[in-house]
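The values are calculated or read from the model by the stated rules, or taken from the named source; none is laboratory data. Values in this document were obtained by computation on a predicted structure and should not be read as measured data. Cβ placement follows ideal geometry from the backbone for every residue including glycine, while neighbour counts extend to all protein chains displayed. SASA here: full protein model, heavy atoms, side chains in, ligands and nucleic acids out. Shrake-Rupley method; radii C 1.70, N 1.55, O 1.52, S 1.80 Å.
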Amino acid sequence: MNAPRATTTRDRRPDKQMAKQIKHLLRRVRRLGAAPSAALAGIAAAVLAAVLVPDRTVALAVVAAVVVLEFGLVAVMLARLLAALKEASVAPAPAAEAPKARQRTGAVLAPLPARKLRPLKRWTARLNQGFSATALPVMYQYADNEKGTYAFRLAMLDAIVSWRDRVRRERREPVRRHFDIVLVSNMNLLGGTTASNAEEVKAYRDAGLSVGLLHQPVFEWNVGREINPKIAELVGGDVVLLGKGDEVTCDLMIVRFPPSLSRLMDDRPEITPARTVLLINQTPFEAYGPDGVGRHFSWDVATVRDNLKSWVGDSTWYAIGPSVREALEAHHGAEMAGVDLADGYWYGSLDPDRWRRDGPREADGTIRIGRHSRDHALKWQTIAEDLRATYPDAEDVEIHVLGGTTAPERVLGRLPGNWTGHPFGSVAPEEFLHGLDVAVYFTAEDYVEAFGRSPMEAMAAGLPCVMPPRFEPLFGDGGVYCEPEEVEAVVRALMEPGRYREQSERSLATVREHFSHEALLRRVAALGVRVPDLAATASEGGTR
């Protein structure tokens, strides 16, 4: 028979840590007043009456009266204790205690199982990222639930205390000013939405415009992720990050990424725009089958429309490319009734001078085909035969991918030996593109590519870009279009020097005309923004 294991100092450590948590919170609740002393005095009186009063009837009457009073005092004590605990969850801590708050949170989280950590982290992130009115009642409900574990309830209460501490420490003077443009978007994303936002901010800033930025995360997504560094590094001078309590006006409010408006932040600034546009850079479903049924739900037209109207009033919606407009008209016509959908498109933009290379890559006997995009199943073809044809396994062909190769590897079973993968962010996109001969960009057959920032960047570098025919309405003669089985022949034909040079020049001309910073500035000028040294012209239009 095994002897019982002796309790060690390490075994008692969690108990000691929990005791410290309790003491810390108790130091921050209100004093319970005279109720405890009165309760003790009542108990003493009852004991003395029972011992010293000779008349049993009188003694019992005294004891009964004391018991009634004791119940009343206990009720008062419990009420005050509950109020004290709630006050502790919103009471500020001295600045010197901030580091301790972080240590405290870590100590509470440690003993919790994964199933408890998930709701704790999810609601704490929402609380910290602007959804306080939504998150606080839920977190209090968790904390007050007597069926929950003590550690979980304490952790919820502790997260609220830490949030209130941070709000008090980081309090600042509210921003009250006018901006030329306010850009609202989910700014913690990793892909094309963030790249588009960053490019637009650079264009506005370099043109001398003032820009307010509002991070509006998607409630159901990874709310806790920090603002992307590509956006954060642009803040400064006349580029200002807005927050709760700010009161601003602007000539134009631009909202990019409709899923952000599925639920508005509770803690948002007051914005009064002269005009508002919503850029539809993602369709309500990411894909639509042959039967028209949507797959991979992203956002609801009516919800986004109503939320935006209740916030800032009327708005004009812009598709960022023909494929978005086609999907809206084909699959969401009834929902779009009453929406002011612009005739033109709000294309992505970039600075062609930053992307363009001096000339083609020096010939070395190989053809280097490449592409860059996020590593998502919908960003790649799902039929293995088509994928092999699009990126041929030939002795004189190299395939280079920036962004990850997990998705194509799942389709193919294994990557051919002529593939080279570069993780997302490991190489600057322009540097990667400058090392290629031709860009080839095909996606899943039923995926609605809202725009195609990857092909645009490849063309800005001067690369011939081979794509499926559905991209032709967007890029016109700036691209080369064919079916998967035709890719290898098309690429080899492009390597003839004269044809290569002609296609490269067409690609660059298309980017300058429709996708440059100058084209973007003409567009916002047509919407009422006073752009220095740029006359307002008609909107870009959307046909080729």
If we count every other residue with Cβ under 15 angstrom of Pro258's Cβ, Lys/Arg +1 and Asp/Glu -1, where does the sum land? -1
Per the Cauchy relation, a quarter of the hull surface: what is the mean projected area of the convex hull of the alpha carbons in segment 370-438, in nm²? 4.4
Segment 178-305 - accessible surface per residue (Å², probe 1.4 Å): 35
Among 186-195, 363-372, how do they line up by average Cβ neighbours within 10 Å per residue, starting with the highest? 186-195, 363-372
Would you mind estimating how fast segment 257-395 diffuses translationally, via Stokes-Einstein at 25 °C and 0.890 mPa s with the Kirkwood radius over Cα pairs, in µm²/s? 132
Can you work out the accessible area per residue across segment 356-405, with the rest of the protein chains kept in place, probe 1.4 Å, in square angstrom? 49
Counting only protein heavy atoms and a 1.4 Å probe, tell me what percentage of segment 110-212's accessible area is made up of carbon and sulfur. 50
Segment 160-254: proportion of alpha-carbon pairs further apart than 24 angstrom, %: 24
Surface share of carbon and sulfur [accessible, 1.4 angstrom probe, percent] for segment 314-408: 44
What is the extension gain from Asp291 to Ala363, computed as 0.36 nm multiplied by their sequence separation minus the C-alpha to C-alpha distance, in nm to one decimal? 21.2 nm
